[in-house]
Amino acid sequence: MRLNVFLLGIALCATALAKPSAEYLPATADLDATIPSPESVFGWEPGDWRVDHAKLVRYMYQLAEKSDRVSIKVTGRTYEQRPLLQLVIASKENQQRIEELREAHLRATQNDDPDAPLVVWLGYSVHGDEASGSNAAPIVAWYLAASRSGFVDELLDNTIIILDPSLNPDGMNRFASWSNSNHSMTAVADRNGRIHHQEWPSGRTNHYLFDLNRDWLPLVHPESRARITEYHRWLPHVITDHHETRTDGYFFQPGVPTRQHPLTTPGNLAMTRALAVYHAEAMDQAGELYFTEDMYDDFYYGKGSSYPDINGSIGILFEQPRVQGQVYDRDAGPLTFQQAIQNHVRTSLSTLKGAYELRDELKTYQAGFYRQMQQRAEQAGFAAWVIGDNGDPARARELLGVFSYHQVDFQALDAEISVDGKTFRPGHAWVIPVGQRQFGVIQAMLETRTEFEDNTFYDVSAWNLAMAYDLPVAELKRIPATRNAAPVPDATGPVDDAVAWIVPWQQLQAPRLLQRLLSAGIRVRAATKPFTMQDNDRQFGGGSLVILAGMQDEGQAGVAFSLLKEASGQGINVYSFDTLMTASGPGLGTRHFKPVPAVKPLLITGRDTRMYDAGEAWFTLDTRLAVPPVMVDMDRLSSIDLSAYTHLLLVDGQYNGIGKDLQNRITTWINNGGVLVAIQHAASWAESLCFAKLDCEKPKDEDGAEKIAPMAYADFDDLSAQRTIAGAIVHASVDNTHPVAFGHGEEIHLFRKGTTLLKPSENPFATPLRYGKQPLVSGYISAQRLAEMDGQPAVIAERHGKGLVVRFANNPLFRGFWRGTERFWVNALFFGPLVNQTELPK
């Protein structure tokens, strides 16, 4: 008896805040009892626990099995091999002709057919730890599958609803596991409770710790590529993006009107405001706190609520106040997880109601959007863009692949042209005409601008993809001769009986090939000076990989050849020669070709490191270089034998917690030959390391504290924006004779985010990358911040003893798509040990 009472008490505590799915829905729902509710499959009521992805998938499949209104499709897989689900919801009759209706809708985007269906896409929890979205999704799906109300019947007769229950399955599952394992039977509202503070890494991100809500444009990850493919298959009129926020009130778009991207049409803002009326009505009826047209913006097109805006859809961001446990003691009063779920259900239904009642206006807007893009193209003042491969077909192939996902049309250049001092050659350049349906998207990906109505940005202010890939681009007054062709020419392959094989280092995939060779025990040398070979007019630059067949261990030359042949089949050029003699520059047998040692880096991760940056480094090591990514949390670093590793990789973060003893161990390790690579705040911390007694002597403050001038309280937001660099593109000059800059040209575009300034080196040979004069190319940086950067170092590589410290002022791996600067970090990894001492004789 006592046991039963105890168990009953636990059950009552666990369900005190829960409620059945039907109570989240309108009283008029009239639900079909033969369609399974979420709790009938989960075993508990929504909001009692965080649903994990496996349970969510199981429920959606049962819903599709029991309801003739629902069909289900796997559009792709995450890194952890979870399925990316897409539910298509329509009436039984429309399900039987769904492809016919899809095609009719796509035709209607051209001719404004009022009889074509309305298409609404509901997307939930791209940030996996913003779980109220994915926990609302099964309730919304059940409502649409089971309701026999007149509204739902009429809606599904005339509307196709695409429902994505989890945009980020890996992050969702990580958070569900963490939250459920810290769940107490008695709800904890105290904001200091462990349940309200996730461990590192949080569930916000995907497997590699990337923010998928910044990846709609660059498309680095499989989740994004699968979603964009389906987006363009459907081109919805409205697409929702359900999130959580740290504010007390619920937000829905529009954002701040002055911070909408100038390429977004005024009609988009008007339609977003029209839909906002329905959200406001629903929230008012519920007595919920909400706001709109404040805090958030619609500027960067790489987000789920803004990418649709440049593609003819209306994207809507919803932000629900966050609650990571069962209840949270927010400033505005206690907030339960059930309330959070309820609000996302509420705005999902207000979206459907608003979109349906505004369906004629939405259809007219979408068809008119593409006509507006056509008019803009005609008024652009040029006929096409041309993009070259900059000597690296693989980089061009990758960018063209991104264009293809975005449905951008391009053709191969068929005759050599010169524009703005740049030469573009057939087989190495592609033409993108402005006269195409996707003009708005390609303009958004290739434009530069430095003037803005509002200088405050929720995210980055620039993102030119050609500059990100370090590819030359120019505007053309007329379209040159073009042809349909494969995006890139075939690569040159190796000859099996060659004396020497040479791999140019500027190729995107050359570092991965180098790692494969080193892992196989192949001896590889890197050129430290340019050279040309006999009977070949090609110049090979610094960093070119040289594999000498005669210098390999027995049987290894054949292994090297096999690896090189495989690489050439993947697009890497490998050149073969039967001599070590060169036509110009040092011979292959000279000291100017240094052996490249195998690398074993240690990547520092954990709570005090920036999660995104750690993920970008992990992703680069693992997927692009195939270097085993040994990751150690910072709080374990003191217990690690550093001598077992060649590199310490420090991403942006806070390193002041590293004590003196560990600092001394790190400097000893560097003096003994270790390479420290530090980015942004880590670079600033590295400047405090003491390699000699003078390094540790702090200068005396002779002037005293800086006097603070009074400022108006109301000016805080504007002044804060002026001192912030949210993300802009700047110009820099490259010393490509330095090993850290091998494979680059003399100029490059950097992504500048944050305000880190490097302490200049006293060694004049230690700065491979330096900001140009007046460096801003695109985006917003205040005059004060630009003046600070003018001519200053962006990368410094200084020898200390036998080792090296490489400091980066900016993240060269930004979001995994700034491929142009990625090579500097890769060079620090592979070529750091090749950097010589450069002290001039006194």
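Data table
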read-out	value
Hey, I572 over 29 Å from A549 (Cα atoms) and of a type in the set (A, V, I, L, M, F, W, C) or not	no
Search result, residues across segment 755-789 that are on the phi > 0 side of the Ramachandran plot and surrounded by fewer than 17 Cβ atoms within 10 Å (Cβ to Cβ)	Q774
Checklist (1) within 26 Å of F251 (Cα to Cα); (2) open to solvent by 20 Å² or more (accessible area, probe 1.4 Å); (3) at pLDDT 95 or above applied to A332, failing item	(3)
In segment 304-323, residue modelled with the lowest pLDDT [restricted to those that are in a loop (DSSP other than H, G, I, E, B) and open to solvent by less than 10 Å² (accessible area, probe 1.4 Å)]	V323
Segment 75-120, subset β-branched (V, I, T) and touching a helix residue (DSSP H, G or I) at 6+ places or on another chain (Cβ under 9 Å), residue nearest to W234 (Cα to Cα)	V119
Qualifying residue in segment 651-662 (condition: open to solvent by 30 Å² or more (accessible area, probe 1.4 Å) and part of a helix (DSSP H, G or I))	yes
Flag if A481 is under 17 Å from the mean Cα position of the chain (by Cα) and closer than 14 Å to F424 by Cβ	no
Members of segment 224-241 that are of a type in the set (V, I, T) and part of a helix (DSSP H, G or I)	I228, T229
Segment 803-820 residues that are β-branched (V, I, T), paired with ones that are assigned to a strand (DSSP E or B) and open to solvent by less than 10 Å² (accessible area, probe 1.4 Å) (beta carbon under 6 Å, 6 or more apart)	V805/L676; V806/V677; V806/A797
Matching residues, segment 430-447, being in contact with a helix residue (DSSP H, G or I) (Cβ under 8 Å, 6 or more places away or on another chain), surrounded by fewer than 21 Cβ atoms within 10 Å (Cβ to Cβ) and within 18 Å of F751 (Cα to Cα)	L446
Close pairs from segment 744-755: first without any contact (Cβ under 8 Å) to a residue 40 or more places away in the chain, partner assigned to a loop (DSSP other than H, G, I, E, B) and open to solvent by 60 Å² or more (accessible area, probe 1.4 Å), Cβ under 8 Å, at least 6 apart	T755/T724
Filter result for V256 (over 29 Å from R50 (Cα atoms) and surrounded by fewer than 23 Cβ atoms within 10 Å (Cβ to Cβ))	yes
Any hit, segment 239-259, residues being modelled with pLDDT of 95 or more, farther than 22 Å from P114 by Cα and of a type in the set (A, V, I, L, M)	yes
Q837 being modelled with pLDDT under 95 and either within 24 Å of A728 (Cβ to Cβ) or touching a Leu at 6+ places or on another chain (Cβ under 9 Å) (or both)	no
Complete set of residues in segment 740-774 that are in a loop (DSSP other than H, G, I, E, B), under 26 Å from P511 (Cβ atoms) and of a type outside the set (S, T, N, Q)	F742, G743, H744, G745, E746, K753, G754, L758, F765, A766, P768
Residue tally, condition among the basic types (K, R), closer than 16 Å to Y59 by Cβ and assigned to a strand (DSSP E or B), over segment 74-90	0
Checklist (1) assigned to a helix (DSSP H, G or I); (2) among the hydroxyl-bearing types (S, T, Y); (3) more than 29 Å from R371 (Cβ to Cβ) applied to T272, failing item	(3)
Criterion: touching a His at 6+ places or on another chain (Cβ under 6 Å) and closer than 29 Å to A18 by Cα - qualifying residue of Y61, Y124	Y124
Subset of segment 370-397 [out of contact with any Ser or Thr (no Cβ under 7 Å at 6 or more places or on another chain), surrounded by fewer than 21 Cβ atoms within 10 Å (Cβ to Cβ) and over 18 Å from R425 (Cα atoms)]	R371, Q374, Q375, R376, A377, E378, Q379, A380, G381, F382, A383
Subset of segment 790-802 that is more than 16 Å from S733 (Cα to Cα) and touching a residue at least 40 places away in the same chain (Cβ under 8 Å) - its residue that is most open to solvent (accessible area, probe 1.4 Å)	K802
Residue that is surrounded by the most Cβ atoms within 10 Å (Cβ to Cβ) [pool: residues in segment 18-73 that are part of a helix (DSSP H, G or I) and basic (K, R)]	K55
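The values are calculated or read from the model by the stated rules, or taken from the named source; none is laboratory data. No experiment lies behind these values; they were computed from the predicted model shown. As a convention, Cβ positions derive from the backbone with ideal geometry for all residues, glycine included, and neighbour counts pool all protein chains shown. SASA here: full protein model, heavy atoms, side chains in, ligands and nucleic acids out. Shrake-Rupley method; radii C 1.70, N 1.55, O 1.52, S 1.80 Å.
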